[in-house]
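See below for the structure under consideration.
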Amino acid sequence: MSLDKDYLLQKSKEEILKIFTSEYPLEKIPEFIAEEVSGFGTTQDERAHNFQEFMKILVLQYQQSQEMGIEVSFVEKPFHQWQNLSKDLALLVQEFDLSIKSKVGVNTIDFRLSSLFEWKQDSWKLIHWHGSTPVNVEKDAWHVTEWQKKNDELKQKVEEQTQNLMLKNEQLQKAKEQIEDTLKELKETQDLLIQSEKMASLGELTAGIAHEIQNPLNFVNNFSELSNELLEEIQEEIENKDFDEVKAICQDLKGNLEKINHHGKRADSIVKGMLQHSRASTGQKEWTDLNGLADEYLRLAYHGLRAKDKSFNSELKMDLDPNLPKVEIIAQDFGRVLLNMINNSFYSVNEKKQQLGESFQPVVSVSTKLLDGQIQLKISDNGNGIPEEIRHKIFQPFFTTKETGQGTGLGLSLSYDIIKAHGGTIKVESKIGEGTSILIEISQKKE
Amino acid sequence: MKILVVDDEVDVKTLFEQRFRKEIRSKAVDFVFAFSGKEALQYIDQLNHEAILILSDINMPGMSGLELLKEIKQKELVPKPIVMMISAYGDEQNYNTAKSLGADEFLTKPVDFKLLKEKLQLN
């Protein structure tokens, strides 16, 4: 081995150490590194198969050194060196105590480095290196202790996570039970609310019912008294032998009996309706005269409001299609829809009347129509209308524009559910200042 | 005597016509019926200084009996019509309002026809 070559090898070894400890100018590095350099360091990403990859590792290392203010010093332990000059190869095997000083403190590690040099173009160039720091485990060439440690750590982690999961599961179970309890309570509250909404609207009805029953009862009393008197008159006319008059009176009597019957039935249907309204829904569909139902509820709602507020009045318009077939509905539920809609209309026209005074003539109308197999029921008013921004909310439960205590906010929401349950639709048309129309449509079924 | 009966219940017509059968036949009374306040006003507007007694229900949709009474009083008709108001039993508030608006008589439902005839001096 020539002295020059030996000297240059020592020199290269020193330069390489400087390179590895980030003390060498980056631009001068190519002088000592072969193009085909390869090697491994201690960390996972410290691996290079060519010069570019080698430089990538170094650049990162240099950056870190700068950022952390790292200073590296080392003490070299006895080393092994092997050269084969004829083949221009040299192997250096070294061990160091490496001291790394940084902002966070000083770390001293064992460092092992094997580097293989090749003599190329009159200089030694690094063609392979392997640097590592040993794990402090004795008599464990296969790192078994390390595995076990890792395994134990993993086991512990799994156990911790299992515990965690079990705890979370328990919490979830509790939350689920709580939600179930809350749901049950909500259902009970909902039932109560539906019932109280029913009773509230029944309260509004009561006065109307008294009036609506009193009227037919008056007729029943009047016509029966009258008929009694007519019988006396018949006797008189028989004695007078005025048989034409007898015939006329008989005709009147027949008419009166029909009227007694008619008004008796009217009172009967109102009482039944009221009882039905207060009872829980039977859910039984029956063939119903929708015109009769609409007429009945329009009157009840009207007189109910009148009884509460004497100053209230409104024109009632009914345009009921005489050819409307009977419809299969839960009459009691449908009655509630009608009552809610009509009450809302009355409320709206009343509000407008109070704002505008004498100049405003309130009108609430109910109409029915059979159109293309669809049964239409329309409740309209010339009230204030529903502002656009709340129109999408009116069917939501508990939404009300009425003052506290005036409405439950459930009327329209329940109505919506009832119409939906009948497979029908409910549409709202409203113009501010002009009024509102609610159109309910259900398909006609043959009786 | 011309009597205008105002009530939204159509059967009132039959009732009055039968109750006053004899009086109608003997032409002691002449009944006219209106089924709403508006209809009644239309009839009153075309009266030509004719004496008339108006018998009106209070509780009617649209124009109520009280509103009708107010309108009639504002018209200052000659001769002045006699206005009798009819309302449901025990309706103190309407009774007082009707009185303050100048109603001549006040009857409660169901109408006692004997009493009515006495008031009309038809007995």
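Rounded to the nearest 500, the helix-only mean residue ellipticity at 222 nm of chain A stands at -18500 deg cm²/dmol, with each DSSP H run of n ≥ 4 adding -39,500 (n - 2.57).
By the gyration tensor of its Cα atoms, with a ≥ b ≥ c the square roots of the eigenvalues, what is the shape of region B:39-104: rounded for a/c under 1.5, prolate for a/b over b/c, or oblate?
prolate
Taking every Cα-Cα distance in region A:296-376 and sorting them into 10 Å bins from zero, the calculated P(r) comes out as 16, 44, 27, 12, 1 percent. By its C-alpha gyration tensor, with a ≥ b ≥ c as the square roots of the eigenvalues, how is region A:3-132 shaped: rounded for a/c under 1.5, else prolate for a/b larger than b/c, else oblate? Since a/c reaches 1.5 and a/b is larger than b/c, the shape of region A:3-132 is classed as prolate. With a Förster radius of 45 Å applied to the beta-carbon distance between A:Asp321 and A:Gln355, the computed FRET efficiency rounds to 0.85. Between B:Gln93 and A:Lys241, take the C-beta separation as r, use R0 = 56 Å, and let me know the FRET efficiency to the nearest 0.05. Approximately 0.60, to the nearest 0.05. Charge tally around A:Lys247: other residues with Cβ under 15 Å, Lys/Arg +1 each, Asp/Glu -1 each, net -4. Across all Cα atoms of region A:408-447, the radius of gyration (one decimal) and Dmax (whole number) stand at 12.6, 42 Å. Considering only alpha-carbon pairs that sit under 8 angstrom and 6 or more positions apart, the relative contact order computed for region A:287-447 is 24 percent. Evaluated at q = 0.13, 0.15 Å⁻¹, a Debye calculation over the C-alpha positions of region A:320-447 (equal weights, vacuum) places log10 I(q)/I(0) at -0.55, -0.72. Taking amide H as placed 1.01 Å from N in the peptide plane, B:Ile54 has its amide H under 5 Å from the amide H of B:Leu4, B:Ile82, B:Val83, B:Met84, each at least 5 places away in sequence or on another chain.
In percent, rounded to a whole number, the relative contact order of chain B is 24, using alpha-carbon pairs under 8 Å and six or more apart.
Available extension along the chain between A:Leu154 and A:Gln374 is 72.2 nm, counting 0.36 nm per residue and deducting the alpha carbon span.
You can think of it this way: the chain between A:Asn221 and A:Lys187 has 7.5 nm of extra reach, that is 0.36 nm per residue less the Cα-Cα gap.
Inter-label distance, A:Thr133 to A:Ala421: 7.6 nm, where each label sits 7 Å from its Cα along the C-beta direction.
Of all the options A:Gly39, A:Gly283, A:Gly423, the one that moves most in a Gaussian network model of chain A with Cα springs shorter than 10 angstrom is A:Gly39. The lysines within cross-link reach of A:Lys149, meaning a Cα-to-Cα straight distance under 16 Å and a gap of 8 or more places when in the same chain, are A:Lys139, A:Lys157.
Taking packing as the residue-averaged number of other Cβ atoms within 10 angstrom, the listed peptides A:284-291, A:211-218, B:107-114 run from highest to lowest as A:211-218, B:107-114, A:284-291. Note on chain B: GNM, Cα springs under 10 Å; of B:Ala51, B:Ala34, B:Ala98, the largest mean-square fluctuation is that of B:Ala51. Net charge of the neighbourhood of A:Val337, taken over other residues with C-beta under 12 Å away and scored Lys/Arg +1, Asp/Glu -1, is 0. Taking region B:72-110 and a reference point 7 angstrom along Cα→Cβ of B:Asp45, the backbone N atoms nearer than 18 Å belong to B:72-78. When the Gaussian network model of chain A links Cα atoms closer than 10 Å, the mean-square fluctuations of A:Asp97, A:Asp252, A:Asp319 top out at A:Asp97. Counting lysine pairs in region B:1-97 that sit 8 or more residues apart in sequence, or on different chains, and whose Cα atoms lie under 14 Å apart gives 4.
Close amide H partners of B:Phe106, meaning residues 5 or more places away or on another chain with modelled amide H under 5 Å apart, are B:Met85. Approximating the spin labels as points 7 Å out from Cα along Cα→Cβ, the A:Lys308-to-A:Lys393 distance works out to 2.2 nm. Quick one: helix A:331-356 against the long Cα principal axis of chain A, what's the angle to the nearest 10°, folded into 0 to 90? For helix A:331-356, the angle is close to 90 degrees.
Cross-link pairs exceeding 31 Å in C-alpha to C-alpha distance, out of A:Lys187/A:Lys420; A:Lys272/A:Lys308; A:Lys326/B:Lys109, comprise A:Lys326/B:Lys109.
Among A:Asp372, B:Asp57, the ranking by other beta carbons within 10 Å of each residue's beta carbon, starting with the fewest, stands as A:Asp372, B:Asp57. Candidate cross-link partners of A:Lys87 among the lysines, defined by an alpha-carbon separation under 24 Å and a same-chain spacing of 8 or more, comprise A:Lys5, A:Lys11, A:Lys13, A:Lys120, A:Lys125.
Using just the alpha carbons, could you tell me how many Å³ per residue the convex hull of chain A encloses? Walk me through the intermediate numbers first.
Working: hull volume 146.8 nm³, N = 447.
Residue-normalised Cα hull volume stands at 328 Å³.
With respect to chain A, whose longest principal axis is taken over its alpha-carbon atoms, helix A:290-308 is tilted by about 90°. Averaging the sequence gap over all C-alpha pairs within less than 8 Å and six or more residues apart, then dividing by the number of residues, gives chain A a relative contact order of 9 percent.
No value in this document is a laboratory result; all are computed from the given coordinates. These numbers come from a predicted model, not from an experiment. For neighbour counting, all protein chains shown are included, and Cβ atoms are generated from backbone atoms with ideal geometry for every residue, glycine included.
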